[in-house]
């Protein structure tokens, strides 16, 4: 069987309704594709009111419409990209989706109601993924509070497979590699790879390479346990000094200097560590905006995107075939 390897990136996360269909979004996707991608991950964002809500739904103005999603998929395919469709649930109270939880009293009933909603939500997009020919579908993202409900998760996976015939991936968080006994039911195990790879002071490439080796040893054990390929369904850091100590942190610290070299070293070290590993299935870096600023202003952005930054040159070097030396 040919090795699955995604030279990918996540594109357009949390874009408002209608954005995916704009000319700016098309230009953004074309620029990203020119960096050598063969895969793109397209998110859809739905919401529940609080971390204890049992209703999941679209939010007018914030959830991408079905027409938006179909347009983005069609555009990606016209650029020669394979597509992973990734529906995601977030809480409007700001609580991370992994913390979705319910009171002990009546918990089984709450969980049943939540999964009934989630099943409808995820199957709707599984149908779209099948109809539009998406090559991969993500059945969940960083849902630890619910992913521990093994029987219910397995039931949802079985229902997805009834309507979707492509590659099925589920996105767990780093550190949870041995937590869920059902991971072997997937085609690919996806990890949000926000691993600490420095102490925030020594942010050298050499230090990151040493830390990534430890990570590789850990997840290789998970691969042996589940006998499934593993990919990084999310990975990245912001271009702010010290972020390789806490890649998972989305909070900007304006008092800390921008550090494009550290971001570039993070990309280089991860790519160098995992590129030729036979059981590793690639990267969906987080994240590339659907609307891009002028390139001369890109370096002022402290976000995860590498557009117009040194890390973009690193990505191109690897995705296009080691053509330049960027570090």
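The distance separating the Cα centre of the stretch 236-304 from that of the stretch 53-112 comes to 24 Å.
Of the listed peptides 22-34, 186-198, what is their order by residue-averaged count of other C-beta atoms within 10 Å, with the highest listed first?
On the way: 22-34: 17.0, 186-198: 21.7.
Ranking the peptides 22-34, 186-198 by packing returns 186-198, 22-34.
Straightening the chain between residue 206 and residue 150 buys 16.2 nm, computed as 0.36 nm per residue apart minus the Cα-Cα spacing. Taking Cα atoms only, the orientation of helix 23-33 departs from the longest principal axis of the chain by about 70 degrees.
Counting only DSSP beta bridges with both residues in the chain, what percent are antiparallel, rounded to the nearest 5? Each step should come with its number before you reach the end.
Working: 2 of 36 bridges.
Among the beta bridges of the chain, antiparallel pairing accounts for roughly 5 percent.
Across every direction, the projection of the convex hull enclosing the Cα atoms of the chain has a mean area of 16.2 nm².
How far is helix 150-163 tilted, in degrees, relative to the longest principal axis of the Cα atoms in the chain, given as a value from 0 to 90 rounded to the nearest 10? Result, in degrees: 80.
Cβ-Cβ distance of residue 158 and residue 78, R₀ of 41 Å, FRET efficiency by 1/(1 + (r/R0)^6): the value works out to about 0.80.
Run lengths n ≥ 4 of DSSP H only: what is the helix-derived mean residue ellipticity at 222 nm for the chain, with -39500 (n - 2.57) per run over all residues, to the nearest 500? Intermediate results must be reported in sequence, preceding the final value.
Values: 8 runs with 116 residues, N = 327.
Dividing the helical sum by the residues of the chain leaves -11500 deg cm²/dmol.
Helix 260-274: angle to the longest alpha-carbon principal axis of the chain, degrees 0 to 90, nearest 10? That helix lies at roughly 70 degrees to the long axis. Take the Cα coordinates of the stretch 256-315, assign each an equal point scatterer, and use the Debye formula without solvent to give log10 I(q)/I(0) at q = 0.12, 0.23 Å⁻¹. Result of the Debye calculation: -0.33, -0.96.
Every number here is computed from the coordinates shown, using simple stated rules; none is lab data. Keep in mind that what you see is a predicted model, and the values were worked out from it rather than measured. Heads up, the Cβs are rebuilt from the backbone with ideal geometry, glycines too, and the neighbour counts pull from every protein chain shown.
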